[in-house]
Structures are given as structure tokens and as C-alpha cells.
1. Kindly list, by first and then second residue, each pair from a residue in segment 192-212 that is within 16 Å of A94 (Cα to Cα) to a residue that is more than 14 Å from the ligand (Cβ to nearest atom) and open to solvent by less than 10 Å² (accessible area, probe 1.4 Å), limited to pairs with Cβ atoms under 8 Å and residues at least 6 apart or on different chains.
2. Please go through segment 56-78 and give me each residue that is over 16 Å from R17 (Cα atoms) and in contact with a helix residue (DSSP H, G or I) (Cβ under 7 Å, 6 or more places away or on another chain), ordered by number.
3. Can you tell me which residues in segment 225-245 are small (G, A, S) and in contact (Cβ under 8 Å) with a residue 40 or more places away in the chain?
4. Let me confirm something: among R68, R80, R98, which residue is at pLDDT below 95 and either farther than 20 Å from D170 by Cα or not aliphatic (A, V, I, L, M) (or both)?
5. State the number of residues belonging to segment 177-203 that are part of a helix (DSSP H, G or I) and within 16 Å of the ligand (Cβ to nearest atom).
6. With the checklist (1) surrounded by 12 or more Cβ atoms within 10 Å (Cβ to Cβ); (2) within 20 Å of the chain's Cα centre (by Cα); (3) assigned to a helix (DSSP H, G or I) in hand, flag the one item A128 doesn't pass.
7. Among the candidates T148, T119, which residue alone is assigned to a strand (DSSP E or B) and either under 16 Å from R87 (Cα atoms) or among the acidic types (D, E) (or both)?
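The values are calculated or read from the model by the stated rules, or taken from the named source; none is laboratory data. Model, not experiment: these values are computed from the prediction. Note that we place each Cβ from the backbone using ideal geometry, even for glycine, and neighbour counts take in every protein chain shown. For accessibility, only protein heavy atoms count, side chains too; no ligands or nucleic acids. Shrake-Rupley method; radii C 1.70, N 1.55, O 1.52, S 1.80 Å.
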Amino acid sequence: MASANRRTDPVFLVENRDGASDFLIVCEHASNRFPDAFGDLGLSVAVRQAHVAWDPGALGLARALAARLDACLVSATVSRLIQDLNRPPQSESAMPARSEIHDIPGNAGLAPDERLRRTEAIYLPFHAALHAEIARRLARGRPTVMVTIHSFTPVYFGKPRAVEFGIIHDADPALARAVLASARTMTGLDSRLNEPYSAADGVTHMLRLQATPYGLANVMLELRNDLLLTPQDQAAIADRLAPVLRAARAEAPSRAGKPAEASA
Ligand SMILES: [Zn+2]
């Protein structure tokens, strides 16, 4: 049964592949699904539904944004606690034994073979599928701007967070700065650069792996999850963010598809 599940349950979902937008939206913490092949990691239902297992509201927001922008959306279908697709596979936080205030029993003392099994079942197919979308777009000469959508908990280690909209960059800050400037004038959200996390916290693996090598303009967006509780909330935030992304895109065009600087 487990092997049948693995064949019939892809670990990624590609929606609106032929969307006309330059934006390519990625939601790697979209799901709190724990497939039979990996079990529930010894977690209660409450922990499996908590923010440590996924980014609540992020998929709904990503879909609402993809609809407004006519963008392709690539999302994950497995909990980040089984494997976090935004961490390199050797990292402790890719399969954390503890996440915020919760122990994750099924990740304690993981054997290298189990780390490899998860990486082959989840990380490699997801990143290969996303890479394929990017390579196909670039082969057709389509400008591509990568935007990853996340949510964060309003209270972390017991401390409330004031920031509502975090805009995070990796090596290339151009799009993030343009999003910040537009967000501050257009959304009314408490918008901040590189909060509540930054590249220094190791959260930009996705951008570093999939966007930077191609010179794609890219940004990671983090919304406080109490702003995304219902589909109506998610649609309302998408209504505020879609114009911000369009304006930022105009400010910080993608370099991809343009002639690279001369090199050997
Ligand atoms: Zn996330």
C-alpha cells in the first residue's frame, strides 16, 4: 500500500503551467500531509496541524495570487517536518528533531539511509520538477520571476511578532527592495525587509538553488498567518499583494533570458 501511495501521490503539484505571467510562484510549505510511507513521526493531531508542520494559509494565498497574476504555481504536498524543501538535505533543519517548542520523535536520531530515502522520495522529485518548469520557460525565452510564498506564526517562543509582511532576499536584493517600497505605499501592512527571518538564518535555500543560478529576479514573501485564516482573508491579502508584485516587477526586471556578461 505504501508503495502504491508513493506512485499515485506526487510530492509536488504544478498548477496553471501555461499562465501568461512572468511570475513563477512556489509554495514549498503548502501542506501538512503525512503520507503513509513516512508515518506521522509520532506527532499528535494538534502538532500536525500547527505551524511547525506547514505554513497555514500559504497555499490559499499562493493560489489566489497565481489566479490574479495568471502565474504558474508549484507547490509541495508533504509536510515540511518529513522534509523541508527549503533546506539542503544535509541540514539538521531539513528533518528537524525539534521545531520551535515541539519535539519531533520520528526525526530523532535519523539514520543516513532514512535521510536518503526521504531525499529521494521528496526533495529530488520536487526540485527536479521545479527546475524543469524553469528550464522550459527559459528555453522558450520567457522572462521568469520567482516568488516564494510562506506564512509565519504571530507568536514565536512565546513572543508576539509585530511584523505582518516580511520580504526576504538572497544574493540579489533588487526585487525584494522594490516589493518593500511598493508594499509600504500600497498595502498598509507592517512590511519589513529580511524579517522575521533572513538569509543568515538559512531560509533562502530555494532561491539559492533555483533562482540565483539563472539570474532570475526572486524574492521570498512571508505573511503573518493570522492574516490568512480564511479563504476570504487569503483573497483579501492577494488583492493587496498582486498590484505590489506587478509594480515591483516593473521596477526590477528579470535579467534572465538576456545576454549574459561576456565570460570564458
Ligand atoms: Zn515557510
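1. Note: pairs meeting the criteria are L207/M146; L207/N218.
2. Across segment 56-78, the qualifying residues are P56, G57, G60, L61, V78.
3. Residues of segment 225-245 that are small (G, A, S), as a first pass: 235-236, 238, 242.
Selection gives A235, A238, A242.
4. Values: R68 fails: at pLDDT below 95; R80 fails: at pLDDT below 95.
Matching residue, one of R68, R80, R98: R98.
5. Initial filter on segment 177-203 (part of a helix (DSSP H, G or I)): 177-186, 199-201.
Narrowing the set further to residues that are within 16 Å of the ligand (Cβ to nearest atom) leaves 199, 201.
Residues in segment 177-203 being part of a helix (DSSP H, G or I) and within 16 Å of the ligand (Cβ to nearest atom): 2 in total.
6. Result: A128 passes all but (1).
7. On the way: T119 fails: assigned to a strand (DSSP E or B).
Of T148, T119, the one residue that is assigned to a strand (DSSP E or B) and either under 16 Å from R87 (Cα atoms) or among the acidic types (D, E) (or both) is T148.
The rows are residues; the columns are (1) within 19 Å of the chain's Cα centre (by Cα); (2) open to solvent by less than 30 Å² (accessible area, probe 1.4 Å); (3) under 20 Å from A71 (Cβ atoms).
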position: A139; (1), (2), (3): no, no, yes
position: T153; (1), (2), (3): yes, yes, no
position: A162; (1), (2), (3): no, no, no
position: R177; (1), (2), (3): yes, no, no
position: Y197; (1), (2), (3): yes, no, no
position: G215; (1), (2), (3): yes, yes, yes
